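Remarks on the structure that follows.
The values are calculated or read from the model by the stated rules, or taken from the named source; none is laboratory data. All figures in this text were calculated on a predicted structure; none of them were measured in a lab. Neighbour counts are summed over all protein chains in view; Cβ atoms, including those assigned to glycine, are modelled from backbone coordinates with ideal geometry. With ligands, DNA and RNA removed, areas are computed over all heavy atoms of the protein, side chains included. Shrake-Rupley method; radii C 1.70, N 1.55, O 1.52, S 1.80 Å.
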Amino acid sequence: MGAVKKLVVVGGVAGGMSAAARARRLSEDAEIVVFERGPHVSFANCGLPYHVAGVIADRKKLLVQTPESLRARFALDVRVETEVLAIDRPAKKVLVRERATGREYREGYDALVLSPGAEPVRPPLPGMDDPRVLTLRNLEDMDRVIAAATHAALPALVVGGGYIGLEMAEALRHRGGEVVVVERLPHVMGVADPEMVASVHDELRRNGVDLRLSTSVESFEADGDALVARLSDGSRLRCGFALMAVGVRPETRLAREAGLEIGPSGGIRVDPQMRTSDRSIWAVGDAVEVKDLARESPALIPLAGPANRQGRIAADAIFGRKTRYTATQGTAIVKVFGLSFAMTGASEASLARAGRKYRRVYVHPADHATYYPGAHPISLKLLFDPEDGRILGAQAVGAAGVDKRIDVIAVAQRAGLTVFDLEDLELCYAPQFGSAKDPVNMAGFVAANVVRGDALLWEPEELETLQPGQALVDVRSAREFAAGTIPGATNLPVDDLRAAIGELPRDKELLVFCQVGFRGYVAARLLSQRGFRVRNLSGGYKRYDMWRGTAAGQAAESAREDGSPEEMEVTP
Ligand code: FAD
C-alpha cells in the first residue's frame, strides 16, 4: 500500500478514536474522517453506571472529548449522527447517511478502520418490545435508565449478573431504589470460577439486592404501571423497568455485508496488525476476534483496554510502523459495593473446557500487614502449568488491594513468567501497603511448592469420596475447631503437633487443614519429615467454605484466637 492520504474511521469511541488520534500523531498530512452513528464521540462508556449512581454527578464529565475539541487538537473531521451503511470495497468508498437530514453520500478512503463495537444482546422474549425493557451502551441509554429509575415506584429488575449488571445493581441501590438481579447461571460473573464469587453474592444480598441465581426471565408483559417479568421458577415479578445486561454481540453487519472474513467466534478476523481480509481495511475493538492469551484460541473479549491498544496498533500499521497485537488476556475488575473481584487470563472452568492441563492454588492473605489498622483479607486463586509453572490465570476477591495483585500477575503472565518468578518478585512494602511477603509472593510460594513436589495438596471435592484409609486433621486452635470444622475431622493444633505426634495414625493418609493454608503447610512439612503420608488443603477451611458456598467460615474467622496472623511476620 502506498502512502495513506485519507483515513476513514467507523465508530468514534474507544478503538475508533484511539486509531484516529494516533494516526494524526503519525501523519500531519493525512485527511482523517471519523463517522459516528450516535450524537457523542469519545465518551466514557465505562463511567455510565457511576452517573446513574450519582457518584459522577456532572453528566458532562462523561464526554471526554467533543468533535470541536478533536478538531482543535488533532484536526479530525468528526461527523456525528452519521451512520456508515455500506462499504464499496472495489471503489474504496463508504456509503453514509446523515441521521438528521437523511442525506446519503459516498466518502472515499485509502485506509478504513472499523471500530463499530458490540451491541447489547436483546434475547427474543415475548414482551421485549415494551419500552420499559432497557439496555445500556451509551449516554442516551443511560438517560433512559435514569428517567425510569426516577419515576418508577416499583423495583428495578436487572437481568444478567455480569459486570455491567452488577455495576448497575449497585448504582440503582445507591439511588435508593429496590433492585432484583436475575442470573441464569448459579453464580454471577460468568467468566469467573464459582467459588471466587460466592462472597460477591453475600455482598449483594447484604446491600439489599434481591439476587436470584439459576433463574432466567421468560417473558415480559405490561400490567398497568408495572412491567411484569415471568421467571423460569414460575414466579411473576412486578417491576418498574428491566435492564437487560445479558452480554454483548459484535457489530459485524458492515463487515459481513462487505464480504470481510469472520472468525469462528463471530468477530471480524484480523491479523496481528489488525488488518482484515481486505488489505485496505483494519478492524479493532469489541467487533474483532482476538487470540486468547492463555488458551491460544480465537475469542471475543470485549474490554476497553484492548480496544484502545488495538486502535493505536492499527494506526501504527497504516502509517508504516512495525507493530503487533499479540493476544488478549481478559484482565478485568468489577466493584460490587464493598468488594472487588478481578481476574486475568484463563479461569479454571475455561481451562477445563479447553482440555488444558493446569494446577490451582488458593491463598487468603491480608492486603497489608495485619498489625497495621484496616487490613482486609484477599482470596487469591492462581492457575498455572503443572510441569513448568507458567502462569495461566488468576482471580482475586476482597475489600482492598485486589487490583494491584491481579495487575502484577497480569504483567507476569504477559511476560511468560512462572510461579517461581512470582516467588522472587520484589514489590512495594510498608505496613499500610502490603506485607514483606506480598500476597503475590505467597501465591508464588504455594504454587512453586506444588510444582517442586514440596507441598502435596488435597481439594475439598475429595471429601465426597473420602476413604477409610484417610483421616482429616484440623490443625487450627481448639476455639476455631469449636466454631466450625469439616465433619469427621479431629483437632490437633499445629503448635501441639510435635508433643502429640503419637496420637496420629501412621497407617492412614492424613488430610490436614487450617484456616487459610499456611499452618496446614507447616504441619504437613513437619509430618512428612516424620514419615507420615500427608497432604494439606489448598486454601484451608476458607477454601472448604468457598466450596460449600456458604458464609460459615466467617464465624470461624472471627473466633480466631487473638487475631494472630497466619504467618509470623518477620519484618517491621
Ligand atoms: P465502542 O466504544 O462501543 O464504540 C463503537 C461506536 O461505533 C459506537 O459509538 C457506535 O455508535 C459506533 N458505530 C457502530 N456502527 C457504526 C456505523 N455503521 N456507523 C457509524 N458509527 C457506528 N470495559 C472495560 O474494560 N472496563 C469497564 O469498566 C467497562 N465498563 C463498561 C460499562 C458499560 C456500561 C459499557 C457499555 C461498556 C463497558 N466496558 C468496559 C466495555 C468497553 O466500553 C468496550 O470494550 C469498548 O468501548 C469497546 O470499544 P469499541 O471502539 O470497540 O466500541
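When Lys and Arg each count +1 and Asp and Glu each count -1, what net charge do the other residues less than 15 Å away from ALA169, Cβ to Cβ, add up to?
So the environment of ALA169 carries a net charge of -1.
Let's test the formula: R0 of 22 Å, r as the Cβ-Cβ distance of GLU464 and ARG206. What FRET efficiency results, to the nearest 0.05? Write down the numbers at each step before the final one.
Details: r = 30 Å, r/R0 = 1.36.
FRET efficiency, GLU464 to ARG206: 0.15.
Which of the peptides 319-326, 80-87, 239-246 is most tightly packed, and how do the rest follow, judged by the mean count of other Cβ atoms within 10 Å per residue?
Going from most to least packed, we get 239-246, 80-87, 319-326.
Can you sort ARG543, ARG519 by 1.4 Å-probe accessible area, starting with the largest?
Result of the area sort, largest leading: ARG519, ARG543.
Rounded, prolate or oblate, given the Cα gyration tensor of the range 383-477, with a/c below 1.5 counting as rounded?
Cα axes put the range 383-477 in the prolate bin.
Just name one of VAL290, LEU185, PHE513: the one whose Cα is farthest towards the positive end of the charge dipole of the chain (beta-carbon charges, Lys/Arg +1, Asp/Glu -1).
The residue sitting most towards the positive pole is VAL290.
Compute the relative contact order of the chain as a whole-number percentage, counting only Cα pairs closer than 8 Å that sit 6 or more residues apart in sequence. Don't jump to the answer; show the numbers that get you there.
Details: 1267 pairs, mean separation 59.9, N = 572.
Normalised by residue count, the contact order of the chain is 10 percent.
For the chain, give the share of DSSP beta bridges that are antiparallel, in percent and rounded to the nearest 5; count only bridges with both residues there. Can you show the working numbers first?
Working: 54 of 97 bridges.
Looking only at bridges with both residues in the chain, the antiparallel portion is about 55 percent.
In whole Å, what is the distance between the alpha-carbon centres of the range 388-410 and the range 263-277?
If we compute the Cα centre of each part, the gap is 29 Å.
Taking the Cα-to-Cβ direction at ALA349 and at SER235 and moving 7 Å from each Cα, how far apart do the two end points lie in nm?
Label at ALA349, label at SER235, 2.2 nm between them.
Any idea what the dipole of the range 302-387 comes to, in debye rounded to 20, about its Cα centre with Lys/Arg Cβ at +1 and Asp/Glu Cβ at -1?
With only Lys, Arg, Asp and Glu charged at Cβ, the dipole is about 340 debye.
Using a 1.4 Å probe, what is the accessible area per residue for the chain, in Å²?
Computed with neighbouring chains in place, this is 43 Å² per residue.
Near the amide H of ARG356, under 5 Å away, which other amide H atoms are found, from residues 5 or more places off or on another chain, if H is placed in the peptide plane?
For ARG356, whose amide H was placed from the backbone, there are no distant partners under 5 Å.
Rounded to the nearest 20 debye, what is the charge dipole size of the chain about its Cα centre when +1 sits on each Lys and Arg Cβ and -1 on each Asp and Glu Cβ?
Here the size comes out at about 1380 debye.
Would you work out the charge dipole size for the range 76-130 about its Cα centre, treating the Cβ of every Lys and Arg as +1 and the Cβ of every Asp and Glu as -1, and quote it to the nearest 20 debye?
240
Of ILE391, GLY434, LEU417, which is farthest on the positive side of the dipole of the range 384-434, counting Cα position, with +1 on Lys and Arg Cβ, -1 on Asp and Glu Cβ, and the Cα centre as origin?
My answer, from the dipole projection, is GLY434.
If DNA, RNA and ligands are ignored and the probe is 1.4 Å, what is the ranking of TRP458, TRP547 by accessible area, most exposed first?
TRP547, TRP458
Mind ordering 294-303, 11-20, 253-262 by average Cβ neighbours within 10 Å, highest first?
11-20, 294-303, 253-262
So what's the angle, to the nearest 10 degrees on a 0 to 90 scale, between helix 139-151 and the longest Cα principal axis of the chain?
Long axis of 139-151 versus the principal axis of the chain: about 70 degrees.
Might you work out the accessible area of SER216 for me, using a 1.4 Å probe with all protein chains in place, and round it to the nearest 10 Å²?
So the heavy atoms of SER216 present about 40 Å² to solvent.
Given a 1.4 Å probe and the protein chains all in place, what does the accessible area of LEU227 round to, in Å² to the nearest 10?
Roll a 1.4 Å probe over it and LEU227 shows about 0 Å².
With point charges of +1 on the Cβ of Lys and Arg and -1 on the Cβ of Asp and Glu, referenced to the Cα centre of the chain, which listed residue (SER350, ALA258, GLY12) lies farthest in the positive direction of the dipole?
ALA258
Cα centroids of the range 481-501 and the range 1-43: how far apart, whole angstrom?
First find each Cα centre; the distance between them is then 65 Å.
Of all the accessible heavy-atom surface of the chain, with the other protein chains kept in place and a 1.4 Å probe, what percent is carbon and sulfur?
Carbon and sulfur together cover 51 percent of it.
Add -39500 (n - 2.57) for each DSSP H run of 4 or more in the chain, then divide by its residues: what number comes out at 222 nm, to the nearest 500 deg cm²/dmol?
The helix contribution divided over the chain gives -8000 deg cm²/dmol.
Could you list, bin by bin from short to long, the percent of Cα-Cα pairs of the chain in 20 Å steps?
19, 46, 28, 7, 0
Using alpha carbon coordinates only, what is the Rg to Rh ratio of the range 1-54, with Rh defined as the Kirkwood radius? Don't jump to the answer; show the numbers that get you there.
Values: Rg = 14.2 Å, Rh = 12.6 Å.
Rounded to two decimals, Rg/Rh equals 1.13.
Sort 101-108, 406-413 by the packing proxy (mean of other Cβ within 10 Å over each peptide's residues), most packed first.
Order by mean packing, descending: 406-413, 101-108.
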